[in-house]
């Protein structure tokens, strides 16, 4: 079974848009027969401290995660450009992250109209100019993370409120486990800036601080919506 | 980047505009409204829009984080006694400060004001504690409602007739725009840090349980004092002729409502400060944000309350009076239904509820569907309330079947919708109902010569009851649809063999043969 089905590289497409526009993203994806998507909520980080104090700095965001075969990414990005003009400042960001495993049923769904594409069209993964940094900290430390990241050149980030799960020390209260509140900060940055940004965050919000930050970074294959370099035209 | 503020004002604009247009249309067609009243109304509408926008922003930045924070810390402490006592105290202090309760107390001269205010406050306190304990001990929400609503209806038999409508109204009235966001956030917070499968369902229902407190409290007082007459604050419509008169009316109103709102928020600020000192939950930056948010809430509510009390109350009263005088006064019923459909969006707490529902359900229950269900509920309740004003049918004929239906539905719809539905009862009956719809009913009742205590009052109780049914019906239809969808998908899944494809393994196995061979980009930190 494994050998018979077409094997295509699949990417995880993350789209971050203003709250309420997630449905639009899903519609565009559906048009290209990309029907596997999930939506969750996050919020942007404020541009300045004053705006943050005034409570009007953080725009609420919809985050849509879509699975798409690599060969459809250019088409998808073009659709984002023409259908919702995603390049306009503040409209949204799309980026893709390569994945390393998937269950075959989903693969078949995505490969429904897969045609074997020639060697020439294979995208070169090493060519990424951007990286995605994910920082998981204790609740309330997203400001600390962002301040540190900005001091090292990051422009903005997206905050997702979460809670821990499966911690061994999770406390029980009347049989129900009470989980720690966590905040995830996602920051997109250029490859060459990544190291410094992570160093700065680790210093201010790393595991040795009260924030107990866990930092990881991963390569971004394609990106659209950040001014400057974009890997797809 | 001022997007969120613009968004809130836009939302407020689209919420207040429909009802403004309806009233304007009425005023140029069948209700010949004096120009002074119209001017008061329009100025009120402007204040409402700004006030609602600020209030919604304040709820997001201050009230919700405080409510959530307090309940999360209390749950984390794992001390049942502390959680119970703190919930009780919180329920009492936020209720006795609620401005609407003061108004209610004045309406019942036969019971001393402080007695009534404290009894209702303690009622809410006890029920907030019950609501919190219910979540911890996993007692079914439907059972709680059956138990206490049965008690309510049994007690109602022994209470003087004139008193009953007001008692039921009090449940909706006391859960006002300050209490609702706070208590709602309290419930969401408790659910937020739990990892069991019921936690999302338990996010809602607290406001619904708390609404029972005032009803029981007033019924018990009614039996104890056995008042022969209840009175209501007579509506005095100011004579306004010039633009200056209009300005003076609003300027007179501002300090009154500023005082009311500040008094109502003060206990919350105090509780927050004590809580912060003990738990040190919030960072310095967050505390500043909370205080700015509280300022938004205060300014927003002052503008809103001034707008509705000075601007909307006379208009509502006048429309009711004139329409009921017409030979074709049955028109009150369809017109009431239209007004009801559109006025619900102008209740400030409704947006807070819809937003919380959307966030907790991660968008699975969209705002739009909530709003339509609430609008339909409100429309039905206004139709029933106007029928009652014109005919004088006893409120029991509506409330008893209504609550029986609501509780019966709670056994067949998913639990989360039952919680949301009972919460929305308290949410829908806010300041807009008290200052526009109640005067409308009173005005109409005056014209047809009905018993105001029995027929006009009770409109709040109606407004608080119908959403229980419509939201649950929506939940029933909605969950059926979602179930159908997932069944289709899972049906397909069983037909095929499912396994995990590992790209790296495959790439190693068939080196060079796959066209899209996958490589991880190398470490590039150096």
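The values are calculated or read from the model by the stated rules, or taken from the named source; none is laboratory data. Everything numeric here is computed off the predicted structure, so don't read it as measured data. Reconstructed Cβ throughout: ideal geometry from the backbone, glycine too, with neighbour counts over all protein chains shown.
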If you scan region B:63-76, which residues turn out to be touching a helix residue (DSSP H, G or I) at 6+ places or on another chain (Cβ under 6 Å) and within 8 Å of chain A (Cβ to nearest Cβ)? B:72, B:75
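Among the residues of region B:106-120, is any part of a helix (DSSP H, G or I), under 19 Å from the mean Cα position of the chain (by Cα) and either within 19 Å of residue B:177 (Cβ to Cβ) or modelled with pLDDT under 85 (or both)? Even if it seems obvious, please write down each step before you answer.
Filtering region B:106-120 for residues part of a helix (DSSP H, G or I) gives B:106, B:113-120.
Retained after the next criterion (residues that are under 19 Å from the mean Cα position of the chain (by Cα)): B:120.
Subsequent filtering for residues that are either within 19 Å of residue B:177 (Cβ to Cβ) or modelled with pLDDT under 85 (or both) retains B:120.
Scanning region B:106-120, I find at least one residue that is part of a helix (DSSP H, G or I), under 19 Å from the mean Cα position of the chain (by Cα) and either within 19 Å of residue B:177 (Cβ to Cβ) or modelled with pLDDT under 85 (or both), so the answer is yes.
Based on what the data block shows, is residue B:214 at pLDDT 80 or above and outside any helix (DSSP H, G or I)? Step through it out loud before you land on a result.
Details: at pLDDT 80 or above: yes; outside any helix (DSSP H, G or I): no.
So residue B:214 does not fit the description; no.
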When you check residue A:150 against the structure, is it at pLDDT 75 or above, more than 9 Å from chain B (Cβ to nearest Cβ), out of contact with any strand residue (DSSP E or B) (no Cβ under 9 Å at 6 or more places or on another chain) and assigned to a loop (DSSP other than H, G, I, E, B), yes or no? no
Condition first: surrounded by fewer than 18 Cβ atoms within 10 Å (Cβ to Cβ), farther than 16 Å from residue B:311 by Cα and more than 12 Å from every other protein chain (Cβ to nearest Cβ). Now tell me which residues in region B:1-17 satisfy that. B:13, B:14
Top-ranked residue in region A:15-24 [being surrounded by fewer than 20 Cβ atoms within 10 Å (Cβ to Cβ) and part of a helix (DSSP H, G or I); ranked as nearest to the other protein chains (Cβ to nearest Cβ)]: A:23
I'd like to know if region A:25-45 contains one or more residues that are assigned to a helix (DSSP H, G or I), within 11 Å of chain B (Cβ to nearest Cβ) and more than 24 Å from residue A:105 (Cβ to Cβ). no
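Before we move on, is residue B:314 at pLDDT 90 or above, away from chain A (no Cβ under 14 Å), closer than 23 Å to residue B:347 by Cα and exposed (fewer than 14 other Cβ atoms within 10 Å of the Cβ)? Even if it seems obvious, please write down each step before you answer.
On the way: at pLDDT 90 or above: yes; away from chain A (no Cβ under 14 Å): yes; closer than 23 Å to residue B:347 by Cα: yes; exposed (fewer than 14 other Cβ atoms within 10 Å of the Cβ): no.
Answer is no for this residue.
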When you scan region A:205-212, do you find a residue that is surrounded by 15 or more Cβ atoms within 10 Å (Cβ to Cβ), at the interface with chain B (Cβ under 8 Å from one of its Cβ atoms) and at pLDDT below 90, even just one? no
Select from region B:267-294 the residues that are more than 24 Å from residue A:142 (Cβ to Cβ) and either within 14 Å of another protein chain (Cβ to nearest Cβ) or in contact with a helix residue (DSSP H, G or I) (Cβ under 9 Å, 6 or more places away or on another chain) (or both) and list them in ascending order. B:267, B:268, B:269, B:270, B:271
Kindly establish whether residue B:54 is within 24 Å of the chain's Cα centre (by Cα) and either modelled with pLDDT of 90 or more or in a helix (DSSP H, G or I) (or both). yes
Scan A:81, A:67, A:54 and give me the residue that is surrounded by 20 or more Cβ atoms within 10 Å (Cβ to Cβ) and more than 9 Å from chain B (Cβ to nearest Cβ). A:67
The listed residue being touching a residue at least 60 places away in the same chain (Cβ under 8 Å), surrounded by fewer than 16 Cβ atoms within 10 Å (Cβ to Cβ) and in a loop (DSSP other than H, G, I, E, B), out of B:241, B:282: B:241
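Look through B:85, B:154, B:180, B:144 and report the one residue that is under 19 Å from residue B:263 (Cβ atoms) and part of a helix (DSSP H, G or I). Please lay out each step first, then the result.
Numbers: B:85 fails: under 19 Å from residue B:263 (Cβ atoms); B:154 fails: under 19 Å from residue B:263 (Cβ atoms); B:144 fails: under 19 Å from residue B:263 (Cβ atoms).
Testing whether each residue is under 19 Å from residue B:263 (Cβ atoms) and part of a helix (DSSP H, G or I) leaves just B:180.
Is there a residue being surrounded by fewer than 24 Cβ atoms within 10 Å (Cβ to Cβ) and in contact (Cβ under 8 Å) with a residue 60 or more places away in the chain anywhere in region B:420-428?
So in region B:420-428, the residues surrounded by fewer than 24 Cβ atoms within 10 Å (Cβ to Cβ) come out as none.
Looking for residues that are surrounded by fewer than 24 Cβ atoms within 10 Å (Cβ to Cβ) and in contact (Cβ under 8 Å) with a residue 60 or more places away in the chain, one finds none in region B:420-428, hence no.
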Condition first: in a helix (DSSP H, G or I) and either closer than 19 Å to residue B:304 by Cβ or out of contact with any helix residue (DSSP H, G or I) (no Cβ under 7 Å at 6 or more places or on another chain) (or both). Now tell me which residues in region B:23-38 satisfy that. B:23, B:24, B:25, B:28, B:35
Residue list for region B:151-176, restricted to those being surrounded by fewer than 24 Cβ atoms within 10 Å (Cβ to Cβ) and under 19 Å from residue B:468 (Cα atoms): B:151, B:152, B:153
I need the full set of residues from region A:177-195 which are more than 12 Å from every other protein chain (Cβ to nearest Cβ) and in a loop (DSSP other than H, G, I, E, B), in order please. none
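Look through B:124, B:92 and report the one residue that is surrounded by fewer than 23 Cβ atoms within 10 Å (Cβ to Cβ), touching a helix residue (DSSP H, G or I) at 6+ places or on another chain (Cβ under 8 Å) and closer than 26 Å to residue B:220 by Cβ.
On the way: B:124 fails: surrounded by fewer than 23 Cβ atoms within 10 Å (Cβ to Cβ).
One residue alone meets the criteria, B:92.
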What pairs come up if the first residue lies in region B:164-189 and is under 15 Å from residue B:103 (Cα atoms), the second is modelled with pLDDT under 80 and in a helix (DSSP H, G or I), and their beta carbons are under 6 Å apart, counting only those six or more places apart or on different chains? B:170/B:104; B:173/B:100; B:173/B:104; B:176/B:100
Among the numbered conditions (1) closer than 17 Å to residue B:471 by Cα; (2) touching a helix residue (DSSP H, G or I) at 6+ places or on another chain (Cβ under 7 Å); (3) touching a residue at least 24 places away in the same chain (Cβ under 8 Å), tell me where residue B:392 comes up short. (1)
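How many residues does region A:69-109 hold that are closer than 23 Å to residue A:217 by Cβ, part of a helix (DSSP H, G or I) and free of Cβ contacts under 8 Å to residues at least 24 places away in the same chain?
At the first step, the residues of region A:69-109 found to be closer than 23 Å to residue A:217 by Cβ are A:70, A:73, A:77, A:92-102.
From what's left, part of a helix (DSSP H, G or I): A:70, A:73, A:77.
Then drop every residue that is not free of Cβ contacts under 8 Å to residues at least 24 places away in the same chain, which leaves none.
Residues that pass the stated criteria total 0.
Taking into account only those residues within region A:110-147 that are assigned to a loop (DSSP other than H, G, I, E, B) and modelled with pLDDT of 75 or more, which is nearest to residue B:501 (Cα to Cα)?
Just the residues of region A:110-147 that are assigned to a loop (DSSP other than H, G, I, E, B), to begin with: A:111-118, A:122-124, A:128-129, A:139-141.
So of that shortlist, the ones also modelled with pLDDT of 75 or more come out as A:129, A:139-141.
Numbers: A:129: 28, A:139: 36, A:140: 38, A:141: 37 Å.
Among those that are assigned to a loop (DSSP other than H, G, I, E, B) and modelled with pLDDT of 75 or more, it is A:129.
Given the criteria closer than 30 Å to residue B:292 by Cα and either modelled with pLDDT under 75 or out of contact with any strand residue (DSSP E or B) (no Cβ under 7 Å at 6 or more places or on another chain) (or both), does residue A:23 qualify?
no
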Of the conditions (1) more than 26 Å from residue A:10 (Cβ to Cβ); (2) buried (at least 17 other Cβ atoms within 10 Å of the Cβ); (3) modelled with pLDDT of 90 or more, residue A:194 fails just one. Which one is it? (1)
